[in-house]
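**Q** My structure is below; once you've seen it, I'll send some questions.
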Amino acid sequence: MENVFDYLKERGFIAQSSNEEEVRELLNNKKITLYCGYDPTADSLHIGHFVTLMALRHMQRAGHRIITLVGGGTASIGDPSGKDEMRKMLTVEELDRNAEAIKNQISRFLDFSDGKAIMVNNADWLRDLKYLPFLREIAVHFSVNRMLSAECYKSRMEKGLTLLEFNYMVLQSYDFLQLFRNYDCVLQVGGDDQWSNMLGGIDLIRKKERATANVLTFNLLTTSEGKKMGKTEKGALFLDPDKTTPYDFYQYWRNVDDSDVEKCLALLTDLPMEEVRRLGSLQDAEINKAKEVLAYEVTKMIHGEEEAKKAEKAARSLFSAEGGLAGSIPTTELEEGQFTEGYFVVRLLKDIGLVSSNSEARRLIKQGGIYLNNEVLEDAELDITLEHFDEENKLLFRRGKKTYHLVKLK
């Protein structure tokens, strides 16, 4: 791929760069080593991380060597960027377990054969650092006044910023220095919320090595109103199918706002930009076809073609006039005997995870927000019996317009 910088810009990835002319020259006319970091604060990446993974895939195709850094060391502190309180402290065992899970996820999207990509863990050089030598050799190059002016710290000053978190920028900068020294890595990339942290690495390399390095940030995945995408009733939209089912994942993209379709197609799929623009320009009912393409393509990218087809089939069967149930709708199997004398519907809704409490179930039923077999459920005192199941021993609950759950008899 030629002119990958311009390609990324055309697709809407690029937010800021330390020196646009230099970065364009590096990416378009040379073969370089660059890196992106992922802190293992959970055992799965989410859709926001996938934007950077897509950008890395494009850059790898252009011939650049990719380093993916798993922050087993920095995650023990926690990045204060975008947070109004300190992150939960994880144990070393939890961090290592999360790091391993994230490594496995990343390896599905990049080619690690023949040194085309490298994966490192900053725990290898951060956990055994000696504090006083580190202060004298590295921390001495950081201005407290300048750090306090960074957005990642400034927004936390009123609510309290711990000395622990204050070290995060220094350690991330040290990561860049280590990768520069050991792998000739000259570019760091990441989400635009990392801008302040990333600039520290450039300064440190300049002061310690008398060399030039650059950073490039990517736009965050937001709606046309500027709100972060990827939040659902159940939490973040994770890449792990055990945390967000392929069906729920598909449905999220099938129901995005019309104005966000083109952006998501450009950032999250490999479709040519001509096709992206054509689909994004569809109007009224036609835009639903574009949303189906978006949902299918992103689900295929994350979960594979088979799961994407199953989710697509399930969604179409639920919304088509033909009816029927298929595919990968979230499902709970229960013993027939549990319904012989009746299963209290409020308890059943909670047991299958469609609501978080009995009171929430009662409230939603009262508001007409729960459906049983596509009929509004009006009776909060109803006992579900075998008579409510169809000939295939299934019944379907729906919460609102989008959230389905199938109950099957074993």
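The values are calculated or read from the model by the stated rules, or taken from the named source; none is laboratory data. This is a predicted model, so every value here is computed, not measured. No Cβ is skipped: glycine too gets one built from the backbone with ideal geometry, and neighbour counts run over all protein chains shown.
**Q** How many residues, within the range 230-251, are without any contact (Cβ under 8 Å) to a residue 40 or more places away in the chain and under 27 Å from GLU10 (Cα atoms)?
**A** Matching residues across the range 230-251 total 1.
**Q** Specify the residue that is farthest from VAL4 (Cα to Cα); the eligible residues are those in the range 271-296 that are free of Cβ contacts under 8 Å to residues at least 24 places away in the same chain and part of a loop (DSSP other than H, G, I, E, B).
**A** Checked the range 271-296; the qualifying residue farthest from VAL4 (Cα to Cα) is GLN283.
**Q** Moving to a separate point now. Could you say whether any residue in the range 174-187 is in the same structural domain as PRO133 (by TED's automatic domain parsing), within 16 Å of the chain's Cα centre (by Cα) and closer than 18 Å to ASP39 by Cβ?
**A** No, there is no match, as no residue in the range 174-187 is in the same structural domain as PRO133 (by TED's automatic domain parsing), within 16 Å of the chain's Cα centre (by Cα) and closer than 18 Å to ASP39 by Cβ.
**Q** Just give me the residues in the range 244-277 being over 15 Å from LYS231 (Cα atoms), buried (at least 21 other Cβ atoms within 10 Å of the Cβ) and modelled with pLDDT under 95, in sequence order.
**A** If the condition is that a residue be over 15 Å from LYS231 (Cα atoms), buried (at least 21 other Cβ atoms within 10 Å of the Cβ) and modelled with pLDDT under 95, then PRO246, TYR247 are the ones that fit.
**Q** Return the residue satisfying two criteria in turn: it lies in the range 243-283 and is charged (D, E, K, R) and closer than 20 Å to LYS313 by Cα, and of such residues it is nearest to the chain's Cα centre (by Cα).
**A** Selected residue: ASP248.
**Q** Conditions first: (1) surrounded by fewer than 18 Cβ atoms within 10 Å (Cβ to Cβ); (2) touching a Cys at 6+ places or on another chain (Cβ under 9 Å); (3) β-branched (Val, Ile, Thr). VAL189 passes all but one, so which condition is the exception?
**A** Here VAL189 meets the rest and fails (1).
**Q** Can you give me the number of residues within the range 158-187 that are within 13 Å of ILE138 (Cβ to Cβ) and either in a loop (DSSP other than H, G, I, E, B) or basic (Lys, Arg) (or both)?
**A** Looking only at that region, the number is 2.
**Q** Okay, next question. All but one of (1) within 21 Å of VAL298 (Cβ to Cβ); (2) among the basic types (Lys, Arg); (3) without any contact (Cβ under 8 Å) to a residue 60 or more places away in the chain hold for LYS30; state the number of the condition that does not hold.
**A** (1)
**Q** Additional query: Would you confirm whether any residue within the range 238-259 is part of a helix (DSSP H, G or I), assigned by TED's automatic domain parsing to the domain that holds THR299 and among the hydrophobic types (A, V, I, L, M, F, W, C)?
**A** Checked against the condition, which is being part of a helix (DSSP H, G or I), assigned by TED's automatic domain parsing to the domain that holds THR299 and among the hydrophobic types (A, V, I, L, M, F, W, C), the range 238-259 yields at least one hit.
**Q** Could you say whether any residue in the range 108-119 is in contact with a Phe, Trp or Tyr (Cβ under 8 Å, 6 or more places away or on another chain), under 28 Å from MET54 (Cα atoms) and not aromatic (Phe, Trp, Tyr)?
**A** Yes; the residues of the range 108-119 include at least one that is in contact with a Phe, Trp or Tyr (Cβ under 8 Å, 6 or more places away or on another chain), under 28 Å from MET54 (Cα atoms) and not aromatic (Phe, Trp, Tyr).
**Q** If you don't mind, another one. For the range 22-74, which residues satisfy the criterion of being among the acidic types (Asp, Glu), in contact with a helix residue (DSSP H, G or I) (Cβ under 9 Å, 6 or more places away or on another chain) and at pLDDT 95 or above? First the steps, then the outcome.
**A** Of all residues in the range 22-74, those among the acidic types (Asp, Glu) come to 22, 25, 39, 43.
Remaining after also requiring in contact with a helix residue (DSSP H, G or I) (Cβ under 9 Å, 6 or more places away or on another chain): 25, 39, 43.
If the condition is that a residue be among the acidic types (Asp, Glu), in contact with a helix residue (DSSP H, G or I) (Cβ under 9 Å, 6 or more places away or on another chain) and at pLDDT 95 or above, then GLU25 is the only one that fits.
**Q** Return a yes/no flag: does the range 78-101 have any residue that is β-branched (Val, Ile, Thr) and either at pLDDT 95 or above or buried (at least 18 other Cβ atoms within 10 Å of the Cβ) (or both). Steps first, please.
**A** Keep residues of the range 78-101 that are β-branched (Val, Ile, Thr), which gives 91-92.
Filter once more, keeping what is either at pLDDT 95 or above or buried (at least 18 other Cβ atoms within 10 Å of the Cβ) (or both): none.
No, that holds for no residue.
**Q** Within the range 355-400, work out how many residues are in contact (Cβ under 8 Å) with a residue 40 or more places away in the chain and of a type in the set (Ser, Thr, Tyr).
**A** Residues that pass the stated criteria total 1.
**Q** With (1) more than 22 Å from LEU179 (Cα to Cα); (2) surrounded by fewer than 18 Cβ atoms within 10 Å (Cβ to Cβ) as the list, and SER107 as the residue in question, which single condition is left unmet?
**A** Every listed condition holds for SER107 apart from (1).
**Q** Could you pull out the residue among ALA55, ALA75, ALA42 that is hydrophobic (A, V, I, L, M, F, W, C), under 29 Å from LYS243 (Cα atoms) and either without any contact (Cβ under 8 Å) to a residue 40 or more places away in the chain or not assigned by TED's automatic domain parsing to the domain that holds LEU171 (or both)?
**A** None of the others qualify; the one that does is ALA75.
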